[in-house]
Amino acid sequence: MGLQTRRLTKANNYALVVVDMSVGFTDPSKSPLASDATSVVEANQRLLTIFREQGWPVLFTTVAYSSPDQAYIFREKLPGLNVLELGSGLEDIDERVAPLEGEPVILKHWPSGFFKTDLDQRLRAAGVDGVVVTGLTTSGCVRATALGCLQHEYRTIVPREAVGDRDEQAHLANLRDLELKYVDVLSLKETISTLV
């Protein structure tokens, strides 16, 4: 017998959390962690326009390190992360989806946007009960942040076209897993129709 799953009830108020849409993940000419994310950037641009027009909260995360002891086991497992040095510019959000004044960029060291950050406090202060999670990468920081949303009791949507991964199989497998157990994985069109 298959796992029973259902679509979540719509939240009253959503925030957009854009995960690691930084140069280190969007520009393959500058970083070994990056992939061609053009379509993901375009989907995020559409969502950013909607959230900004509605005056809804928009938050960004980025990952960077300033000392060897930060997330050292994570970096041992994935040594490519060591290029993400604070001040290198790789932690800067891609200018195509750059934050506006007042839109916070939360610095993190681990996959989840919630772990040892003030993301939850910022979302609570904004009065939201739902989150749209976008960005890079699906199998890493997007998944971890989406799970963090669930663990902090936010109704969560992950728009398929607004997330991406260097590994297409990992991308698809993680979207399936997220959809079955944790969040609503919707098309960009379905996400927009849910929001507005």
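The values are calculated or read from the model by the stated rules, or taken from the named source; none is laboratory data. Remember, it's a predicted structure, so these values are computed and weren't measured experimentally. Note: ideal-geometry Cβ built from the backbone for every residue, glycine included; neighbour counts use all protein chains shown.
Quick notes
- Unmet requirement for THR5, which otherwise passes all of (1) buried (at least 22 other Cβ atoms within 10 Å of the Cβ); (2) modelled with pLDDT under 95; (3) among the β-branched types (Val, Ile, Thr): (1)
- Meets criteria (without any contact (Cβ under 8 Å) to a residue 60 or more places away in the chain, touching a helix residue (DSSP H, G or I) at 6+ places or on another chain (Cβ under 8 Å) and either closer than 18 Å to MET21 by Cβ or not acidic (Asp, Glu) (or both)) for ALA71: yes
- Here VAL58, VAL41 are screened, and the one residue that is closer than 19 Å to VAL183 by Cβ, crowded, with 17+ Cβ neighbours inside 10 Å, within 13 Å of the chain's Cα centre (by Cα) and modelled with pLDDT of 95 or more is VAL58.
- Qualifying residue in the stretch 147-158 (condition: closer than 23 Å to LEU195 by Cβ and of a type in the set (Asp, Glu)): yes
- Any hit, the stretch 89-110, residues being in contact with a Pro (Cβ under 7 Å, 6 or more places away or on another chain) and exposed (fewer than 14 other Cβ atoms within 10 Å of the Cβ): no
- Complete set of residues in the stretch 153-192 that are over 15 Å from the mean Cα position of the chain (by Cα), among the small types (Gly, Ala, Ser) and closer than 18 Å to ALA34 by Cα: ALA170
- Screening ARG143 against (1) more than 16 Å from the chain's Cα centre (by Cα); (2) surrounded by 20 or more Cβ atoms within 10 Å (Cβ to Cβ); (3) not acidic (Asp, Glu) leaves a single unmet condition, (1).
- Condition check for ARG96: more than 16 Å from GLY24 (Cα to Cα), at pLDDT 95 or above and out of contact with any Cys (no Cβ under 9 Å at 6 or more places or on another chain): no
- Test: SER88 is outside any helix (DSSP H, G or I) and over 19 Å from the mean Cα position of the chain (by Cα): yes
- Scoring SER35 on the criteria (1) modelled with pLDDT of 95 or more; (2) of a type outside the set (Asp, Glu); (3) touching a Lys or Arg at 6+ places or on another chain (Cβ under 8 Å); (4) surrounded by 11 or more Cβ atoms within 10 Å (Cβ to Cβ) leaves a single failure, condition (1).
- Some residue of the stretch 68-84 being β-branched (Val, Ile, Thr) and in a loop (DSSP other than H, G, I, E, B): no
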